[in-house]
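Just below is one structure, and these are the notes that go with it.
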Amino acid sequence: MKLRGRHVIMSLVLFVFGFLVAYSYQYTKQHAQVVQMSEQEWEKDFFYRQQLIQLEEKNRELQDRVDSYRKDINHLEKEFGNEKEKIREYVEQKKKLQMITGELPIQGSGVKISLKDADYIPSEENANQYMVHDRHVQLVINELYSAGAKAIAINGERIFKNSFINCVGPVITIDGNHYPAPFVIEAIGDIQTLRTSLELTNGVVDILVNENIEVKMENIDRVQMDAKIS
């Protein structure tokens, strides 16, 4: 009986011990799996964080490049805008010069001066002294150019710096074309400046009047002159 009791006790002890060992093994195995899973999740989390950090750095880098390109584009647009403005100014200057040289028509305000032979001629012998000559016309033209006239026409024909004006009896020729008196000279420019220059004391108008030439001057709001015919 004593021996059997000992066997029962030993069996119970071994059973409990076996249970504890099995439980301990199972617990340890499960804990190890949990630890292993935690380590894997941490590694994944660390990997994704690193990827996110790299993406953020790349985005910042790309954004910096975009900002730099945007600045370059703004700078180029500004330069291009300035160039366009310069080109526009050059085109306008070219047009103005072409108008002055006669390559293009021109219009504007100015003055009109009419030169006419004297109505009263004391004697036929001195008739030449009461007639308009090419030098009288040239005197007016020179003064107008000196006063800043942009364009001048005589009896509707536009003249230029190299135009040739000559007196042939009672008519004058302008670049080979004949025109009788009265001679109507039109000039485009600042009206006040042109008139002041012509009407100076002992100036052009006084000289013409003293030489028996009838002078009439008036302001005109709009004068149209054609381009030079090649």
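Taking other C-beta atoms within 10 angstrom as a stand-in for reagent exposure, TYR130, TYR145 fall in the order TYR145, TYR130, fewest first.
So which chymotrypsin sites (Phe, Trp or Tyr not before Pro) in region 79-121 end up in coil per DSSP with only 16 or fewer other C-beta atoms within 10 Å? The partial results should precede the final answer.
Working: sites: PHE80, TYR90, TYR120; in loops: TYR120.
Hits after loop and neighbour filter: TYR120.
For region 46-190, the dipole from Cβ point charges (+1 on Lys and Arg, -1 on Asp and Glu) about the Cα centre works out to 700 debye, to the nearest 20. Each residue of region 165-181 was assigned a 3J(HN,Hα) from its phi angle through the Karplus expression (A = 6.51, B = -1.76, C = 1.60, θ = phi - 60°), giving 10, 9, 9, 10, x, x, 10, 10, 10, 10, 6, x, 9, 8, 9, x, 6 Hz with x at Gly and Pro. When the Cα gyration tensor is reduced to axis lengths a ≥ b ≥ c, the ratio a/c is 1.5 or higher for region 124-230, and with a/b not above b/c it is classed as oblate. Taken about its Cα centre, region 135-220 carries a charge dipole of about 220 debye when Lys and Arg each add +1 at the Cβ and Asp and Glu each add -1 at the Cβ. At full extension, ARG70 and ASN162 could sit 27.6 nm farther apart than now, given 0.36 nm per residue minus the alpha carbon distance.
The stretch between THR196 and THR101, if pulled fully straight at 0.36 nm per residue, gains 31.7 nm over its current Cα-Cα span.
For the residue pairs LYS95/LYS228; LYS112/LYS150; LYS96/LYS216; LYS86/LYS150; LYS116/LYS228, alpha carbon separations beyond 18 Å are given by LYS96/LYS216; LYS86/LYS150; LYS116/LYS228.
Going through region 120-222, which trypsin sites (Lys or Arg not before Pro) have at most 14 other Cβ atoms within 10 Å and a DSSP loop state? Kindly include the intermediate steps, with their values, before the conclusion.
Details: sites: ARG135, LYS150, ARG158, LYS161, ARG195, LYS216, ARG222; in loops: LYS150, LYS161.
Hits after loop and neighbour filter: LYS161.
For region 126-230, which GluC sites (Glu not before Pro) are both in a DSSP coil and crowded by at most 13 other Cβ atoms within 10 Å? Intermediate results must be reported in sequence, preceding the final value.
Details: sites: GLU143, GLU157, GLU186, GLU199, GLU211, GLU214, GLU218; in loops: GLU199, GLU211.
Passing both the DSSP loop test and the Cβ count: GLU199.
Read the figures in this text as sums done on the coordinates, not as results from a lab. Here the structure is a predicted model, which means the values were calculated and not measured. Note that each Cβ is placed from the backbone with ideal geometry, even for glycine, and that neighbours are counted across all protein chains shown.
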